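Student: Dropping a structure here in C-alpha cells format, bear with me for questions.
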Amino acid sequence: MKTSWRTAALVATAASVLALTTACGQDNVTPPAAAAQNVGASASAAGIGTGLGSGNGYGADGAQSSASPTPAAPAGKLTVATNPQLGNVLTDGSGLTLYRFDKDTAEPPKTNCDGDCATTWPPVPADDANAGAGIDKAMLGEVTRADGTKQLTIGGWPAYRYAKDLNSGDVNGQGVGGKWFALAPNGKKASLASLPGLSVRKDPKLGDIVVDKNGRTVYRFLKDKAWPKSVSNCTGACLEKWPAVAPVSADDTQGVKKKGLMPFTRPDGVKQMSVNCWPIYTFTGDKAPGDTNGQGVGGTWYAVSPEGKPIGAPAQ
C-alpha cells in the first residue's frame, strides 16, 4: 500500500463534532445518541447465502488444489450497496461484496484463511484501496499475511471476496459454513439492525443518496423551506403518502453532512428530521430497501444527496 494512504488510514479520527448550526430552526439539540451496536450481531443466512460446504468448511466445492491463489485485483474505491436483507454492504470498486471470517481476529488483526481457503475466499489487497461515500477512511487498515502480502482490513477485520460472486451485488458467500458474513462499512457483520439512523448508499442511477435506518430512500419536497427555519408543507394526505423521518442523533449518522443535520418541530407538534435544514421523508410506494419509486413524483419529490440537495431536481 502507498505510504500516504496507509498513514491516512491509520491516523485516529477525532470523535468530537462541532455544535450544529441553529440557523434553520429552534431545535438545535439532537436527541440522545442511539445505543451502541452489538459487535457480535450477525445477519441471518436464510435465503441469502448458498451455505455450501464440502468438507473443508470454507464453502469450496470440487477437487482441492494446493496451488497458490491467483493474485487478486486491487480493491479500488470502496462503495456502499444496499441489500434488501442485509442493509448496507461494503463492496469493492467493481461492486463485488466484501466478507469477513469468524475465525479471523480484529484486535489485533489476524487472518486464518490460507491455502485452499484463500482460493475460495481471495484476500482483498490493501494497495490502492480508498474510501468512497459513506465509508470512514479511519476504518481502513491492513494486515500482513503469512506470505508477506498486505491484506485490507475494515475495522480491523481482514476483507475477502468470494469466488462464487460473479456479478455486482451478489452475496452468495453470506452465511457460508456459518462463519462467513458480508461486511458492513464499519467492519461489523452486515444486517439491517446495523444500519445507522441515516447513512449513504450508492444507487446505480442516482449516485450517492441518503437512506434511513431501514435502508429506505429518503426524499425532499420542493415546496418545503429550509431558511430562515425548516418548514414542511406536506400535511394531511400528503404526510400519509410521504411519512416524515423521525429525529436521528447526529452521532447515529454516517456519510451525511453534519451542518444543518437536526430535527425541527412541525406545525402539528411532531418532530421531523432535516438534512441541511431541509425536511426529509420516506415514500410508501417504496416496498423494499433500494427502491427509488418516489424519484421525480409530481416534479416535486427527489432523493436526497449527502449534502441535502434534491438529486435530479430542476434548477430553482
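Student: For Lys241 and Thr265, calculate 0.36 nm times their separation in residues minus their Cα-Cα distance, and state this gained length in nm to one decimal.
Tutor: 6.7 nm
Student: In nanometres, what is the gap between the two model label sites at Asn233 and Lys205, each 7 Å from Cα along Cα-to-Cβ?
Tutor: Inter-label distance under the simple model: 2.6 nm.
Student: Ordering Lys179, Lys223, Lys241 by accessible area with a probe of 1.4 Å, largest first, what comes out?
Tutor: Putting Lys179, Lys223, Lys241 in descending order of accessible area: Lys223, Lys241, Lys179.
Student: Also, I was wondering about something else. Students sometimes get this wrong: rank Lys205, Lys258, Lys287 by accessible area, probe 1.4 Å, all chains present, largest first.
Tutor: The ordering from most to least exposed comes out as Lys205, Lys287, Lys258.
Student: Still on this structure, I have one more. From the cross-link list Lys225/Lys259; Lys223/Lys258; Lys137/Lys241; Lys164/Lys258; Lys189/Lys309, which pairs have alpha carbons spaced over 27 Å apart?
Tutor: Table pairs above 27 Å Cα-Cα are Lys137/Lys241; Lys164/Lys258; Lys189/Lys309.
Student: Here's something else I'd like to know. Could you grab the relative contact order for region 200-316? Cα pairs under 8 Å, six or more apart, rounded to a whole percent.
Tutor: 32 percent
Student: So for region 204-296, what are the equivalent ellipsoid semi-axes in whole Å, largest first, each being the square root of 5 times an eigenvalue of the Cα gyration tensor?
Tutor: 19, 17, 12
Student: Related question: Of Glu107, Glu240, Glu142, Glu307, which has the most accessible area and how do the rest follow, probe 1.4 Å?
Tutor: Glu107, Glu240, Glu307, Glu142
Student: So, taking all protein chains as they sit and a 1.4 Å probe, how much accessible area belongs to Trp157, in Å² rounded to tens?
Tutor: Its accessible surface works out to 40 Å², give or take rounding.
Student: Could I ask something else about it? If I stretch the segment between Lys257 and Leu166 completely, what's the gain in nm (0.36 nm per residue apart, minus their alpha carbon distance), one decimal?
Tutor: 29.4 nm
Student: In Å², what does the accessible area per residue of region 143-282 work out to with a 1.4 Å probe?
Tutor: 38 Å²
Student: Counting only protein heavy atoms and using a 1.4 Å probe, what share of the accessible area of region 198-315 belongs to carbon plus sulfur, as a whole percent?
Tutor: Whole-percent figure for carbon plus sulfur exposure: 53.
The values are calculated or read from the model by the stated rules, or taken from the named source; none is laboratory data. Here the structure is a predicted model, which means the values were calculated and not measured. Cβ: placed from backbone, ideal geometry, glycine included. Neighbour counts: every protein chain shown. All accessible areas refer to the heavy atoms of the entire protein, side chains included, with ligands and DNA or RNA removed. Shrake-Rupley method; radii C 1.70, N 1.55, O 1.52, S 1.80 Å.
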